[in-house]
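What follows is a short report on a single structure.
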Amino acid sequence: MASFLAQGVDAVLEATGMDAVDALRAFFLLAAATTISVSIPSSLRSRFLVYGPRATSTDSKPQSRPSAGGASISRPLDYLATWRVPHSYFTQFYIASVVSSVFWAIQLLCRGTLFEAISSRVSEEHRVQTMSLTQVLVCWILLAMQGSRRLWESTSFAKPSTSKMWFVHWLLGLAFYLAAGIAIWIEGSEALMNFNLTLDYIKITRAPSLRTFICVPLFLMASGMQHDCHHFLFSLEKYTLPDHPIFRAVVCPHYGAECVIYLSLAFLGAPRGQSVNKTLLACSAFVAVNLGLTARTTKQWYLEKFGGDKDDLEQIKSRWLMIPYIY
Ligand SMILES: NC(=O)c1ccc[n+]([C@@H]2O[C@H](COP(=O)([O-])OP(=O)(O)OC[C@H]3O[C@@H](n4cnc5c(N)ncnc54)[C@H](OP(=O)(O)O)[C@@H]3O)[C@@H](O)[C@H]2O)c1
């Protein structure tokens, strides 16, 4: 199976003439650009982008959609938009994330065929400045923690819901988590190809760098905050205007936390001589675009659903979307 996949990866990279690092960055940036493009016309945004609680109106029926400028166009779009899957399928993203973390740990340790197929397609330019093995290890542990925590939350904080998302959103989410599993190590492929496994790699012999000293606590704080937000949303019995202190200042603090989580990985994984890991930065850009657009529709949804009262309306308007004083 792994060697079949390795041949496939190799054939695709050969056909496109792309370096594996560039291909991965292009995937994240193209996905972000496509999401932005779909968000611009309201006829596409309301049909394909809006998901979860935002895609339900006050009477829990799908929101009415603006006409796309004629039944001949709107009918096929409407039909496509009915291909929806439950919002709870998010759990599958985290299963994919955890499985991918374990799979890559085995591939990297055993120098498996898929690891070799991808690493052999990393150009000299990206090999010269490599992540250290310690960086790969720390980033891998943090991403595995993130996937495992989200998997645990999405099963233990699950509540009955009929909310849905478009099937392409679900496929893109799966592709994102599988790609993130590769992004976490690909810029360290040179170090990974040349290491001999000894216990020295797990001994802490040096003080953590300033970068580690800042980014790891940042990652952990953002994870803790995101956990609290998810727990709070879980505690709400029906769709409510969240009144938790964090939500009173920010519409989607859990989305802001997610951006901080991925950004801290991008800085932690900076290869030697660089200030940031550009593959993980592209991955963070996708996260920020995706969540930034969803935070916008969430604010709109709160305004429509809970903005009847003048005080609530003013309070919702004053909320930041994801991160106070930034967005
Ligand atoms: N890495 C990425 O690209 C990416 C992309 C998307 C999401 N995420 C992360 O995944 C996590 C979940 O994202 P999401 O988009 O699913 O979050 P969400 O839409 O806010 O929903 C999370 C849960 O809270 C419920 N909920 C939301 N607003 C509510 C309200 N006002 N009242 C009562 N319940 C409410 C939802 O109910 P329903 O089940 O009824 O919908 C769902 O169960 C977030 O932390 C986010 O950062 C990451």
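Bear in mind these aren't lab numbers, they're just calculated from the coordinates by the rules spelled out. Here the structure is a predicted model, which means the values were calculated and not measured. Here Cβ is always computed from backbone atoms with ideal geometry, including for glycine, and neighbour counts include all displayed protein chains.
With θ taken as phi - 60° and the Karplus curve 6.51 cos²θ - 1.76 cosθ + 1.60 applied, the whole-hertz 3J(HN,Hα) list for region 279-285 is 5, 6, 5, 5, 4, 5, 5 Hz, x standing for glycine and proline.
3J(HN,Hα) couplings calculated from phi for region 32-39 with the Karplus curve 6.51 cos²θ - 1.76 cosθ + 1.60 (θ = phi - 60°) are, in sequence order, 5, 5, 5, 4, 4, 4, 5, 6 Hz; Gly and Pro show x. To the nearest ten degrees, helix 2-16 and the longest principal axis of the Cα atoms of the chain are 80 degrees apart.
For residue 161, no residue 5 or more places off, or on another chain, has a built amide H under 5 Å of its own. Helix content alone sets the calculated 222 nm mean residue ellipticity of the chain: runs of n ≥ 4 DSSP H residues at -39500 (n - 2.57) each, divided across all residues, give -21500 deg cm²/dmol. Estimated at 0.36 nm per residue, the fully extended path between residue 158 and residue 26 surpasses their Cα-Cα distance by 44.1 nm. Overall size of region 235-327 from C-alpha positions, given as principal axis extents largest first: 55, 23, 21 Å.
With neighbours defined as other Cβ atoms within 10 Å of a residue's Cβ, the residues 30, 143 order from fewest to most as 30, 143.
Taking other Cβ atoms within 10 Å as a rough exposure proxy, 258, 116 sort from fewest to most as 116, 258. Amide H to amide H distances under 5 Å link residue 270 with 277, where only residues 5 or more positions off or on other chains count and H is placed in the peptide plane. Computed packing ranks the peptides 265-271, 162-168 as 265-271, 162-168, most packed first, by mean other Cβ atoms within 10 Å. Going down the list 164/238; 164/278; 278/299, which pairs span over 21 Å between their C-alpha atoms? As for pairs spanning more than 21 Å Cα to Cα, those are 164/278; 278/299.
Packing, taken as the mean count of other beta carbons within 10 Å per residue, orders the peptides 14-26, 276-288, 96-108 from highest to lowest as 276-288, 96-108, 14-26. Taken one residue at a time, the phi angles of region 156-167 give Karplus couplings (6.51, -1.76, 1.60, θ = phi - 60°) of 7, 9, 6, 10, x, 7, 10, 5, 9, 9, 5, 4 Hz. Gly and Pro are set to x. In terms of packing, defined here as the mean over residues of other Cβ atoms within 10 angstrom, the peptides 175-185, 239-249, 128-138 line up highest first as 175-185, 128-138, 239-249.
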